[in-house]
Amino acid sequence: MTVTLPMCSVDFMDTTLSPEEQNIADRIQELKGQLGEDLLILGHHYQRDSIVIHADFLGDSFMLSQKAAASTAKYIVFCGVHFMAESADILTSDDQAVMLPNLRAGCSMADMATLNEVEHAWTEILEESGLEDPIDRPDPESPAPEGRSFLVPVTYMNSSADLKDFVGRHGGVVCTSSNAEGVLNWAFERAGPEGAVLFFPDQHLGRNTGLAMGIEEGRMPTWTPGIGAMGELQGSRIVLWHGFCSVHKRFTPDQINAFRETHPEGLVVVHPECPKETVELADAYGSTQYIRQYVNDLPSGSAVAVGTEINMVARLAAEHPDKHIECLDEEICPCSTMYMIHPAYLMDVLERLVEGEVPNRIVVPQNVQHGSQLALDRMLAILK
Ligand code: SF4
């Protein structure tokens, strides 16, 4: 079935609905009522308002994966991007169906690391560094035995299920922007004092977290497929995949300086997917949950520039009319793939569910289920 999108009069900053969008919103509410407790709608912070109003939970990828894991709903409609729906499918039972309203909603950062590329890098780094592969250990979950050094893979949640499976099979773990430091500490214990972590796909989250943990930049070489390591692999502590988020890489020190000129008392908070120069100059940085809390906690009358996706920044501004909240990038920066989830697609999925179809289901193949679940479960266990 082809969904015809209505002409959209709502831009990224506008929180009002056109009459046509109001009709869609009303229909979605009716369908939600018909599906009752069989349905759970999850919405990421970067979704537009006309989607968020229908979400049972709004959160970052970590919080939403926990909600999916705890849910007993028969149908979980994930208003986010592909890797999030995959993680939800891994964490839910076979009787539950996870759906993505628009199957084209991927993540350009996740696409920057493929299984082939990572497997190739893995072999080369092991050879060049002389480190051991944890896959050969009988118990890769226990700390490294004395005198041995391993390469432990850590993948950001923003990665495909086959990469999570690779990580799980090789004794590694998944992380998100809210738990990267705790996860890296866990991985270093398994790598040993002379061991290293291969961190993918986001170089900025890996580098910013490593620097915050006191690791010198010289011990964090970058790995680019087809090129290899930029920097020394021998003695490295984190090998950073070259990937990045096209939204967060736009935030720069120049933008921070410009904001501070116009708002000398103002504060700047950014996401750790931003380049390190931006993170270092900001007043604070953290996950989307962290940024929300940071802005919530500011006193009335504060001015703050936020370095993250525009839908979330616009929502924060609407929630706090007593504070001056602006996006750090004047050009505004939506995530184009998050924006592919239009209410008309959500409505279509719900219509078809009511008719007895299960459309747009995301099913992680059986052969990668076990390893990816292991990698996700390790992350959830670290945080308990
Ligand atoms: S904001 Fe960046 S990391 Fe997040 S889904 Fe969009 S492209 Fe991917």
Picking from His324, His320, the residue that is more than 30 Å from Lys74 (Cα to Cα) and in contact with a His (Cβ under 8 Å, 6 or more places away or on another chain) would be His324
Going through region 236-251 in order, the residues found to be within 16 Å of the ligand (Cβ to nearest atom) and touching a helix residue (DSSP H, G or I) at 6+ places or on another chain (Cβ under 9 Å) are Leu240, Trp241, His242, Gly243, Phe244, Cys245, Val247, His248, Lys249, Phe251
Selection over region 173-198 where residues are touching a Leu at 6+ places or on another chain (Cβ under 8 Å), under 14 Å from Glu141 (Cα atoms) and away from the ligand (no atom under 16 Å from the Cβ) yields a count of 1
Item checked: Residue match in region 247-264 (condition: at pLDDT below 95, over 21 Å from the mean Cα position of the chain (by Cα) and either surrounded by fewer than 18 Cβ atoms within 10 Å (Cβ to Cβ) or on the phi < 0 side of the Ramachandran plot (or both)) -> no
Condition set crowded, with 19+ Cβ neighbours inside 10 Å and part of a strand (DSSP E or B), scope region 93-134, selection farthest from the chain's Cα centre (by Cα): answer is Ala97
How many residues of region 288-321 are more than 20 Å from Phe62 (Cβ to Cβ), part of a strand (DSSP E or B) and within 15 Å of the ligand (Cβ to nearest atom)? The answer is 0
Among helices (runs of 4 or more DSSP H) entirely within region 138-231, at least 2 residues that are of a type in the set (S, T, N, Q) and crowded, with 24+ Cβ neighbours inside 10 Å occur in 203-212
Leu205 fails exactly one of (1) closer than 22 Å to Pro193 by Cα; (2) more than 16 Å from the ligand (Cβ to nearest atom), namely (2)
Restricted to region 350-371 and to residues being under 25 Å from Leu91 (Cβ atoms), hydrophobic (A, V, I, L, M, F, W, C) and not in a loop (DSSP other than H, G, I, E, B), the residue nearest to the ligand (Cβ to nearest atom) is Val368
Among the residues of region 68-87, the number that are surrounded by 21 or more Cβ atoms within 10 Å (Cβ to Cβ) and either part of a strand (DSSP E or B) or of a type in the set (Lys, Arg) (or both) is 4
Counting only residues in region 44-67 that are surrounded by fewer than 24 Cβ atoms within 10 Å (Cβ to Cβ) and part of a strand (DSSP E or B), the one farthest from the chain's Cα centre (by Cα) is identified as Phe57
Among residues of region 323-349 being within 10 Å of the ligand (Cβ to nearest atom) and not in a helix (DSSP H, G or I), the residue surrounded by the fewest Cβ atoms within 10 Å (Cβ to Cβ) is Ser336
Discussion item. Given the criteria closer than 18 Å to Ser372 by Cα and at pLDDT below 95, does Ser50 qualify?
Written reply: no
Item to check | Hey, Leu64 assigned by TED's automatic domain parsing to the domain that holds Lys32 and of a type in the set (A, V, I, L, M) or not | outcome: yes
Scanning region 63-102 for residues that are under 20 Å from Gln366 (Cα atoms), touching a helix residue (DSSP H, G or I) at 6+ places or on another chain (Cβ under 6 Å) and polar (S, T, N, Q) gives Ser65, Ser87, Thr92
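The values are calculated or read from the model by the stated rules, or taken from the named source; none is laboratory data. The structure displayed is predicted, hence computed values, not measured ones. Virtual Cβ from ideal backbone geometry, glycine too; neighbours counted across all protein chains shown.
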